[in-house]
Amino acid sequence: MFVIATIADTIRVPPSLLSQPTLTSVQTEIEKRYPNKIIVDVGLVIAPYGPPLQIGDGIFVPGDGGAHHQVVFKAIVFRPFVEEVLIGTVADSNEDGITVSIGGFFDHVFIPVYWMLNPSTYDETTGLWVWTPTYDDDETEQEEGDQKQNGSTISVKEEPGAEIEREEEEVAGSEKDEAGDSEESRFEIEIGSKIRIKVKSVNFTRITTTMKGVQATTTTTAHTSNRAFGLDGNGSNGTKIKVSGNNDGEGRTAVRRRSSSADLSDSDSRPSPMQIVGSICEDGLGLTSWWKQAEEEDMEE
């Protein structure tokens, strides 16, 4: 979920901080500038990690009283790897899918319709997605077969009309059982509930203004890995970034990346610079309360 990124950037120290030690003033500016900032193709910066590694000489430019330093430092970055399992909170629900908030600091996690448990339907009355699993009757059929093999057939003479009454009771009982089963097998994904998801892709969007208008270029990273991302790239404004993940002695796995562009000149909304696409289409995923109940029943048995 979190990786350590090595970042090289030019940090401006304002005139009001020139009287302080260079290390202190540079660290102060880094803490102001980077936390809660998304760097394209890297992730969401949480906080600086330790003091700066390198600080260059201050350079003054005409018309600016601040000192500009070339600085290399490390930062903690939020960027989950693909196939990682996260726990978040359901923030919103609509016909297109579910929006999830992770840890209260990242709200751009989306679960589309095609990554939901099957069968799932959208209830327009409540505005919630509902999972309605179907259970097989294999156990019932097996019990009936065992009874036929081990037991003997006994014929009982019934009074006239008793058979009709028995059939009516069976029909009423089956309807009641079906109604009870439908209520028990209806699982609503309520707003504010804890949900367990699996990351399927991480999307970064860079918005630029060109002669053609406002353009949005989205880069999608999707691959299967058992460790955090290890990517080298360039951030915005020429910032150099190097991300280091866990090293298990394996070589770097191939990363599948796709880029797409869209014209946003006529659009009022702007996409998020970072979005995570998640899935709940596997056993154990979905609301944590669903599987807690199953675990408790297994423990009781």
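The values are calculated or read from the model by the stated rules, or taken from the named source; none is laboratory data. All of these numbers come straight from a predicted model, not from anything done at the bench. Methodologically, a virtual Cβ is constructed for each residue, glycine included, from the backbone with ideal geometry; neighbour enumeration extends over all protein chains shown. Remember, those area values only see protein heavy atoms, side chains included, never the ligands or the DNA or RNA. Shrake-Rupley method; radii C 1.70, N 1.55, O 1.52, S 1.80 Å.
What ranking do 38-48, 53-63, 12-22 get when scored by the average of other Cβ atoms within 10 Å per residue, highest first? Can you show the working numbers first?
Working: 38-48: 21.0, 53-63: 11.2, 12-22: 13.3.
Ranked by mean Cβ neighbours within 10 Å, highest first: 38-48, 12-22, 53-63.
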Query raised in the report: Between residue 23 and residue 54, how many nm apart are label points set 7 Å from Cα along the C-beta direction?
Result: 1.8
Requested in this report: At 7 Å along the Cα-to-beta-carbon direction for both residue 134 and residue 118, put a label point, then send me their distance in nm to one decimal.
Outcome: 1.2
Report task. Could you list, in their original order, any pairs among 74/292; 32/198; 32/292; 74/200; 37/292 whose Cα atoms are separated by more than 30 Å? Result -> 74/292; 32/198; 32/292; 37/292
Requested in this report: Would you please classify the overall shape of region 1-143 from the alpha carbon gyration tensor, given that a ≥ b ≥ c denote the square roots of the eigenvalues, rounded means a/c under 1.5, and beyond that prolate means a/b larger than b/c while oblate covers the rest?
Outcome: prolate
Report summary line: Computed from the beta carbon distance with a Förster radius of 41 Å, FRET efficiency for residue 209 and residue 185 to the nearest 0.05 stands at 0.20
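Please list 25, 120 from largest to smallest accessible area, probe radius 1.4 Å, with all protein chains kept in place.
Working: 25 5, 120 35 Å².
Of 25, 120, the descending order of accessible area is 120, 25.
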Report task. Extending each Cα 7 Å along its Cβ direction at residue 32 and residue 125, get the distance between those two points in nm, one decimal. Result -> 5.6
Query - Size of charge dipole - region 1-122 - debye, nearest 20, with Cβ of Lys, Arg +1 and Asp, Glu -1, no other charges - result: 420
Query raised in the report: Accessible area, 1.4 Å probe, largest first: how do 122, 49 sort?
Result: 49, 122
